[in-house]
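J.: Below is a structure I'd like to ask you about.
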Amino acid sequence: MADWTDIPRLTKALPGCVRSGLQKNPDGSVDLYFAPAAPEGKESNWIPTVDRGRFEVLMRFYGPEKTLFDKTWRLEDIEKSDGEGGR
């Protein structure tokens with residue numbers, strides 16, 4: 001199983017629960033970019049991955065609100081990007 005030590009150029013583990021400065025979309029949503037290198041201008045929303053294929057995503061929710069439990073909130077699917085910050 002891969003872990004943070006498998007990601008070159010990553011100097012320390014990134015605590016997912018301590019993300020500040022995320023760029024938000026006009027509707028308040030947030031786009032996250034999973035890639036070996038940060039897309040230009042999207043560094044604050046970048047999550048590093050290895051550049052040799054597949055990876056796994058695990059989401060943890062700290063202090064979730066009622067909408068998570070009553071299932072009216074849903075996590076959108078991860079979409080493959082064109083590599084230029086678009087979809």
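J.: For a quick protection proxy, order the peptides 60-71, 41-52 by their average other-Cβ count within 10 Å, most packed first. Mind dumping the intermediate values first?
T.: Working: 60-71: 8.7, 41-52: 14.1.
The packing order, highest mean first, is 41-52, 60-71.
J.: Right, here's the next one. Where does each of L58, L75 land when they are ranked from fewest to most other beta-carbon atoms within 10 angstrom? Display every interim value, and only then the final one.
T.: Numbers: L58 5, L75 9.
Fewest-to-most ranking of L58, L75: L58, L75.
J.: In sequence order, what are the phi-derived ³J(HN,Hα) couplings for segment 32-44 according to the Karplus relation 6.51 cos²θ - 1.76 cosθ + 1.60 with θ = phi - 60°, rounded to whole Hz, with x for glycine and proline?
T.: Each residue's phi maps through the Karplus curve to give 10, 10, 9, 6, x, 10, 6, x, 4, x, 10, 4, 5 Hz.
J.: Spelling out what I want: for every residue of segment 62-72, take phi, set θ = phi - 60°, compute 6.51 cos²θ - 1.76 cosθ + 1.60 (Karplus), and round to whole Hz; glycine and proline get x.
T.: Those phi angles translate into 9, x, x, 8, 3, 4, 5, 6, 8, 6, 8 Hz.
J.: So, R0 is 41 Å and r is the distance between the beta-carbons of S44 and D70; what FRET efficiency does that work out to, to 0.05?
T.: Values: r = 31 Å, r/R0 = 0.75.
My answer for the efficiency is 0.85.
Each value in this text was obtained by applying a stated rule to the coordinates, not by laboratory testing. Here the structure is a predicted model, which means the values were calculated and not measured. In this analysis, Cβ positions are derived from the backbone assuming ideal geometry, glycine residues included, and neighbour counts consider all displayed protein chains.
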